[in-house]
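The values are calculated or read from the model by the stated rules, or taken from the named source; none is laboratory data. All values derive from a computational prediction rather than experimental measurement. Neighbour counts are summed over all protein chains in view; Cβ atoms, including those assigned to glycine, are modelled from backbone coordinates with ideal geometry.
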Amino acid sequence: MKFYWINQANFSKEYQQGIIQASVDSRNHARLRLLDIRKGDVIFSFSTQGFQAVLIAKEDGIQRHEIQGVSCVITCDYYLLEMPISTTVVVSATSQYLDRLYSPINSNGKRNNGYVFPIPLEMSQVLLDMSQCSFDIIRSSVECSAAPRRLGSINRLIRDSNLAKEVKVLYGHTCQVCRTPLITPQGYYAEGAHIIPLGQPYNGADVIGNILCLCPNHHVLFDSFAFSINDNGQLVGLEGNVFIHPNHQISRKSFSWHRDQFGLIGLTLVKRRG
Ligand SMILES: [Zn+2]
């Protein structure tokens, strides 16, 4: 997987079409850079709004031969930041990586003429941290390539707040239910699970007391009310106990809400299976 910076002067048009492109009249280097892109590569999008989206290529860059000449179009998943981050802020955080000959931004913070620029891994980590997308969003691109894009999951991933990160750090990125560390080439992987979901219709709070650190399997099971948790940490619908860190005050209201849902939905599922 490689990382790129893209200066999208026509952001809204390309976003609506879900593509990045170099048309036949593009400068040659723009097209050549697009041809380097491979499915799954991560592209950080900048326009006059600043840093506004993280894109994941859904296919390899391949030359298209048209009557007028050669072009290249790549379909991408667009993950919008909730708020664009000004280019000045990004430049100050990444200036040490921007002094190269072929750089997306010049020393005055003005965008250079090129379209796509490869960037080093260290710089992409800074941009991922700024976007709060973390590793979750990249992982989801692997899922997206196999399954149709699901807006619900994208919203959840974008909302992986600093608080969710804090909870994951508290548990060393290890699931509170199975305590099994999931080790990827990028490091330990876990998910911040909101007990009462954020947004409509439940409007759960984005507070530490409403967040658990779970592995992807237990996250899905918990969100679908396949099991629930008693106030003392005892699992309902599964054997055993959830591990609760002494510094983690979990909201009783959240647990109680989840058990109510489990009672309504989970038990119906058990009945159906029976
Ligand atoms: Zn687990």
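Find the residue count for the stretch 164-197, including only residues that are within 23 Å of Ser224 (Cβ to Cβ) and free of Cβ contacts under 8 Å to residues at least 60 places away in the same chain.
Let us first name the residues in the stretch 164-197 that are within 23 Å of Ser224 (Cβ to Cβ), namely 164, 167-168, 171, 173-180, 182, 189-197.
Among the residues that remain, those that are also free of Cβ contacts under 8 Å to residues at least 60 places away in the same chain are: 164, 168, 173-175, 178, 180, 182, 189-194, 197.
Selection size over the stretch 164-197: 15.
Gly199: among the small types (Gly, Ala, Ser), in contact with a strand residue (DSSP E or B) (Cβ under 6 Å, 6 or more places away or on another chain) and assigned to a loop (DSSP other than H, G, I, E, B), yes or no?
Details: among the small types (Gly, Ala, Ser): yes; in contact with a strand residue (DSSP E or B) (Cβ under 6 Å, 6 or more places away or on another chain): no; assigned to a loop (DSSP other than H, G, I, E, B): yes.
Answer is no for this residue.
Output the residues belonging to the stretch 18-68 that are basic (Lys, Arg), at pLDDT below 85 and crowded, with 17+ Cβ neighbours inside 10 Å.
Residues of the stretch 18-68 that are basic (Lys, Arg), as a first pass: 27, 31, 33, 38-39, 58, 64.
Keeping just the survivors that are at pLDDT below 85 gives 27, 31, 33, 64.
Arg31, Arg33 - these are the residues of the stretch 18-68 that are basic (Lys, Arg), at pLDDT below 85 and crowded, with 17+ Cβ neighbours inside 10 Å.
If you take the residues of the stretch 160-180 that are loosely packed, with under 14 Cβ neighbours inside 10 Å and not in a helix (DSSP H, G or I), which of them is farthest from the ligand (Cβ to nearest atom)?
Gly172
Specify the residue that is nearest to the ligand (Cβ to nearest atom); the eligible residues are those in the stretch 184-240 that are modelled with pLDDT of 90 or more and aromatic (Phe, Trp, Tyr).
Phe222
Any chance you could count how many residues in the stretch 62-93 are closer than 27 Å to Met130 by Cα and either polar (S, T, N, Q) or in contact with an Asp or Glu (Cβ under 8 Å, 6 or more places away or on another chain) (or both)?
Applying the first criterion (closer than 27 Å to Met130 by Cα) to the stretch 62-93 yields 74-93.
From what is left, the residues that are either polar (S, T, N, Q) or in contact with an Asp or Glu (Cβ under 8 Å, 6 or more places away or on another chain) (or both) are 74-75, 86-88, 92.
Residues that pass the stated criteria total 6.
Considering the stretch 69-92 alone, what residues qualify as being among the polar types (S, T, N, Q), assigned to a strand (DSSP E or B) and more than 18 Å from Val42 (Cβ to Cβ)? Explain how you work it out, then say what you get.
Looking only at the stretch 69-92, we keep the residues that are among the polar types (S, T, N, Q), and these are 71, 75, 86-88, 92.
Checking which are assigned to a strand (DSSP E or B) leaves us with 71, 75.
Ser71, the sole residue that qualifies.
Among residues belonging to the stretch 178-229 that are of a type in the set (Val, Ile, Thr) and in contact with a Gly (Cβ under 8 Å, 6 or more places away or on another chain), point out the one that is nearest to Asn247 (Cα to Cα). Walk me through it before giving the result.
The first filter runs over the stretch 178-229 and keeps only residues of a type in the set (Val, Ile, Thr), leaving 180, 183-184, 195-196, 207-208, 211, 220, 229.
Still in the list and also in contact with a Gly (Cβ under 8 Å, 6 or more places away or on another chain): 195-196, 211.
Numbers: Ile195: 18, Ile196: 20, Ile211: 13 Å.
The selected residue is Ile211.
What pairs come up if the first residue lies in the stretch 10-22 and is closer than 15 Å to Phe44 by Cα, the second is acidic (Asp, Glu), and their beta carbons are under 9 Å apart, counting only those six or more places apart or on different chains?
Gly18/Asp77; Ile20/Glu14; Gln21/Glu14
Looking only at residues that are surrounded by 15 or more Cβ atoms within 10 Å (Cβ to Cβ) and touching a residue at least 60 places away in the same chain (Cβ under 8 Å) in the stretch 198-242, which one is nearest to the chain's Cα centre (by Cα)?
The extreme case among them is Val242.
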